[in-house]
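Data first, discussion second: the structure below is written as structure tokens.
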Amino acid sequence: MSVRFQIKDIALQAGVGAATVDRVVNDRGGVHSRTRRRVEQAIEELAAQERLVGLTGRTFFIDVIIEAPIHFCDAARLAIAEELPALLPAVFRVRHTMQAEIGDAALARLAARSAKLGSHGVILMGQDSAGTRASIAALSEAGIPVVTLATDVPGSARIAYAGMDNRRAGETAAFLIGRWLPRGPAKVLVSIRNNRFRGEGDRAIGFHAMICKNFPDLEPFELLEGAGAPADFMSKVSAVLEKHPDIAAIYSIGGNNRVILEALRNLGRSASVFIAHDLDAANRALLRSWKIDVVLDHDLRRDMREACRAIMRHHRALPETGELPPNPIQIVTPTSLD
């Protein structure tokens, strides 16, 4: 066993004698397996402590670029602010660009700015487009790692994705609706804010696949919200609801849930099941009042933490751990709220 720590330091950390440590590191016998494991653990602990000492005073300047509705931007800003203390002794300095629409040209300018300022990394939530891929590639070529957040850009030069498995989230929504509704033909409205985001598209794909395989009596169809004003979406959803009086359930992938509920109320109707995404303040209120039934959520703070840690691993400030696992899907009902 090759070690870089002194025998006496390992012995002190492990709480055993120096002779025992010497036998372990030189692969000699006569040491109980539990004692051997304790010595190995002590070496791991010393290595971890060494890394922490190396991080003391180290500062990472990162850019967080998010294209999303204002409620998600607010939640993301709070999530990373709450996670920064957990990253100590490393210090993160964060530059935020969070807005409802960014677009390929603006993203390219933001990427160029990050490169000019010498950013240590970029956390990006954006569209799955050729322009986004080009910006990620430009950052990668400049030595700046990119971690995609909440919605992935697979096949790009990003180093990691931090978020939940969106396709599985769609499958979960389909399972809940399929088991909740009575057996027999029924229609399900699937509302999408922007299908240029891979996360929303993956949710819809997972939803349709699960319905087709396990609940063939159900007929899902999609309504694209678009980037218009709430009044525009009200007109769209009202027209769909009037045309399809047999809509029994709503799967709201993109949001605008109050608008959907108002359109239903104007027609004197309700949905047997209403499933939405993200436990923001608006959806929390709708859950508490039993206006919607389920919110599929994930821990955004964990996403931010793992994204920052991925950037640290890229700069060899933390050991490599392999691909990030997806953030678990949380099923929140009115009765499970805090």
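Here are a few things to note about the model shown:
- A search for C-beta distances below 6 Å between a residue of region 307-335 that is more than 23 Å from ARG168 (Cβ to Cβ) and any residue that is surrounded by 14 or more Cβ atoms within 10 Å (Cβ to Cβ) and of a type in the set (Val, Ile, Thr), counting only pairs 6+ apart in sequence or on different chains, returns HIS314/ILE159.
- Sole residue being of a type outside the set (Val, Ile, Thr) and in contact with a Leu (Cβ under 7 Å, 6 or more places away or on another chain), chosen from GLU242, GLU200: GLU242
- Residue list for region 320-332, restricted to those being more than 20 Å from GLY143 (Cβ to Cβ) and either aliphatic (A, V, I, L, M) or assigned to a loop (DSSP other than H, G, I, E, B) (or both): THR321, GLY322, GLU323, LEU324, PRO325, PRO326, PRO328, ILE329, ILE331, VAL332
- Single residue of SER252, SER238 found to be modelled with pLDDT of 95 or more, out of contact with any Lys or Arg (no Cβ under 7 Å at 6 or more places or on another chain) and either within 19 Å of GLU200 (Cα to Cα) or surrounded by fewer than 21 Cβ atoms within 10 Å (Cβ to Cβ) (or both): SER252
- Set side by side, the residues ALA307, ALA285 differ, and just one is buried (at least 19 other Cβ atoms within 10 Å of the Cβ) and assigned to a helix (DSSP H, G or I), which is ALA307.
- Any hit, region 31-44, residues being assigned to a helix (DSSP H, G or I), open to solvent by less than 50 Å² (accessible area, probe 1.4 Å) and at pLDDT 85 or above: yes
- Among the residues of region 177-214, those identified as under 24 Å from THR333 (Cβ atoms), outside any helix (DSSP H, G or I) and open to solvent by less than 20 Å² (accessible area, probe 1.4 Å) are LEU181, ALA186, VAL188, LEU189, VAL190, SER191, ILE192.
- Condition broken by VAL294, with the remaining ones in (1) under 26 Å from ILE329 (Cβ atoms); (2) among the hydrophobic types (A, V, I, L, M, F, W, C); (3) open to solvent by less than 50 Å² (accessible area, probe 1.4 Å); (4) modelled with pLDDT under 95 satisfied: (4)
- Picking from residues in region 45-73 that are open to solvent by 30 Å² or more (accessible area, probe 1.4 Å) and β-branched (Val, Ile, Thr), the one that is modelled with the highest pLDDT is ILE70.
- The residues on offer are ASP74, ASP63, ASP104, and the sole one that is in contact with a strand residue (DSSP E or B) (Cβ under 9 Å, 6 or more places away or on another chain) and assigned to a helix (DSSP H, G or I) is ASP74.
- Qualifying residue in region 121-136 (condition: in contact (Cβ under 8 Å) with a residue 40 or more places away in the chain, assigned to a loop (DSSP other than H, G, I, E, B) and open to solvent by 30 Å² or more (accessible area, probe 1.4 Å)): yes
The values are calculated or read from the model by the stated rules, or taken from the named source; none is laboratory data. Since the model is a prediction, treat every value here as computed from it, not as a measurement. Note: ideal-geometry Cβ built from the backbone for every residue, glycine included; neighbour counts use all protein chains shown. Protein only, heavy atoms only, side chains kept; ligands, DNA and RNA dropped before computing areas. Shrake-Rupley method; radii C 1.70, N 1.55, O 1.52, S 1.80 Å.
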